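First up is the structure itself, then whatever we jot down about it.
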Amino acid sequence: MPIPLDAPEVLDREFLLVRAKLLEIAASLDRIGRAEGQVEGDRRLQLIHDALDVLRQGESDRAEQIQMICSLSYDEQWQEKFDLLPR
Amino acid sequence: MYYIDPHIHMVSRTTDDYETLARMGCVAMSEPAFWAGFDRGSAESFHDYFRQLTDFERQRAGQFGLQHYTWLCINAKEAENVSLSREVIAMIPEFLDTPGVLGIGEIGLNKNTKNEATIFLEHLELAVKYDQQILIHTPHLEDKYTGTRMILDMLCDDTRLDRSRVLVDHVEEHTIRSVLEEGFWAGMTLYPVSKCTPERAVDMIEMHGAERLLVNSAGDWGPSKPTAVPDFIIAMRRRGHPESLIRKVVYDNPREFFSQSENFDFAPPELDEAEANL
């Protein structure tokens, strides 16, 4: 389906929103860094950095890629493991 | 613009919300049975809940000219209790001929456990036995992808199901394609933080088209916005999409899907000439 707006129009509309969201992310990471305690080994922090890599390097479907980064893996053998194979 | 909210939990909302929805253009809604925020202790609690859904909420909506429909089940979270679930499932048939009951829902998975999957399959048996439509909840956040794949496995294994009568709800960017490609209807839930925003819902329509796609607010007792569908309408307009496309998603599509249920006795509002010609 065609998008009625062209790319410059989308950028005009989205730029300040994207800027604000980037600042929120930056400030959140700064806040974690300023706080007491260690989170280096926390899986969630790695997810955030993996997602930021997608923003920097991805060319399309970035939202879907970030969703997958934040998803548990699917086990194709789940029905066998649960003893719920189709009859 | 008139619209239908195909998934909203009005038992959690005030009567003022019904009035607000009517003012915003909502003409009908469907309310799946769900978790109350705590685990209920007996099947009798569900019996009372089903009476609330089929009787009280229908009357409360009717005060503002809103047409209220519902779906019955034991939700995925409480499905972890298999014995209670079987008592509730056994009770559901007595309500299936009640006006406004569209089918079985929202069944699904929560943490993708064996017990949840067992009860999901037993709900499918119930739906097949009584020729009911099905509305499905998919899990949140990190469990969504796996849970959706598991649900599709179970649905696709059952050759008795008519896929055009099954709605898989709460799809997002990583699950929408597989749901639509398998021939099911898909619902996008506009819900802050844990699901989808109006802007991302518009993105998904631009990428996947508007066939077999619905949008809903899922307004419930948590942080949610019962008027999220009008937010989606505004987002579509701001992107320059035609009124006919917007109406298809928020009015024609839910009407088409629900019309497959015998209990969908919807009386359409009179459309003015301009809207009728969209």
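Pairing each residue of region B:191-204 that is away from every other protein chain (no Cβ under 11 Å) with any residue that is aliphatic (A, V, I, L, M) and surrounded by fewer than 17 Cβ atoms within 10 Å (Cβ to Cβ), provided the two are 6+ apart or on different chains, yields C-beta distances under 9 Å for B:Ser194/B:Leu141; B:Pro198/B:Ile234.
Evaluate the following for A:Arg34: is it at pLDDT 95 or above, exposed (fewer than 11 other Cβ atoms within 10 Å of the Cβ), within 20 Å of B:Glu199 (Cα to Cα) and not polar (S, T, N, Q)? So A:Arg34 fails the test.
Matching residues to (1) within 12 Å of another protein chain (Cβ to nearest Cβ); (2) at pLDDT 95 or above; (3) under 30 Å from B:Leu121 (Cβ atoms); (4) assigned to a helix (DSSP H, G or I):
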| position | (1), (2), (3), (4) |
| --- | --- |
| A:Leu11 | no, yes, no, yes |
| A:Ile25 | no, yes, no, yes |
| A:Asp30 | no, yes, no, yes |
| A:Ser60 | yes, no, no, no |
| A:Ser73 | yes, yes, yes, no |
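To keep it simple, each residue is scored yes or no on (1) free of Cβ contacts under 8 Å to residues at least 24 places away in the same chain; (2) within 18 Å of B:Met204 (Cβ to Cβ); (3) among the hydrophobic types (A, V, I, L, M, F, W, C).
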site	(1), (2), (3)
A:Ile3	yes, yes, yes
A:Glu9	yes, no, no
A:Asp12	yes, no, no
A:Val18	yes, no, yes
A:Leu29	yes, no, yes
A:Asp53	yes, no, no
A:Glu59	yes, no, no
A:Ala63	yes, yes, yes
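For region A:75-87, filtered to residues that are under 14 Å from B:Thr146 (Cβ atoms), over 26 Å from the mean Cα position of the chain (by Cα) and surrounded by fewer than 15 Cβ atoms within 10 Å (Cβ to Cβ), the residue that is farthest from the other protein chains (Cβ to nearest Cβ) is A:Gln77. Considering B:Ile134, B:Ile119, the condition of being more than 14 Å from chain A (Cβ to nearest Cβ), touching a helix residue (DSSP H, G or I) at 6+ places or on another chain (Cβ under 8 Å) and touching a residue at least 24 places away in the same chain (Cβ under 8 Å) is satisfied by B:Ile134 alone. Would you be able to say whether some residue in region B:142-163 is hydroxyl-bearing (Ser, Thr, Tyr), touching a residue at least 24 places away in the same chain (Cβ under 8 Å), in contact with a Phe, Trp or Tyr (Cβ under 7 Å, 6 or more places away or on another chain) and over 26 Å from A:Met1 (Cα atoms)? For region B:142-163, residues hydroxyl-bearing (Ser, Thr, Tyr), touching a residue at least 24 places away in the same chain (Cβ under 8 Å), in contact with a Phe, Trp or Tyr (Cβ under 7 Å, 6 or more places away or on another chain) and over 26 Å from A:Met1 (Cα atoms): present. Taking region B:158-186 as the range and being of a type in the set (D, E, K, R) and within 19 Å of B:Tyr130 (Cα to Cα) as the test, the residues that pass are B:Asp158, B:Arg160, B:Asp162, B:Arg163, B:Arg165. Residues in region B:157-178 that are assigned to a helix (DSSP H, G or I), under 26 Å from A:Leu85 (Cβ atoms) and in contact with a strand residue (DSSP E or B) (Cβ under 7 Å, 6 or more places away or on another chain): B:Arg165 alone. Of the residues making up region B:18-53, those that are touching a residue at least 60 places away in the same chain (Cβ under 8 Å), within 27 Å of B:Leu271 (Cβ to Cβ) and either buried (at least 18 other Cβ atoms within 10 Å of the Cβ) or more than 19 Å from the chain's Cα centre (by Cα) (or both) are B:Thr20, B:Leu21, B:Met24, B:Cys26, B:Val27, B:Ala28, B:Ser30.
The values are calculated or read from the model by the stated rules, or taken from the named source; none is laboratory data. Because the structure is predicted, anything quoted here is derived from the model rather than measured. No Cβ is skipped: glycine too gets one built from the backbone with ideal geometry, and neighbour counts run over all protein chains shown.
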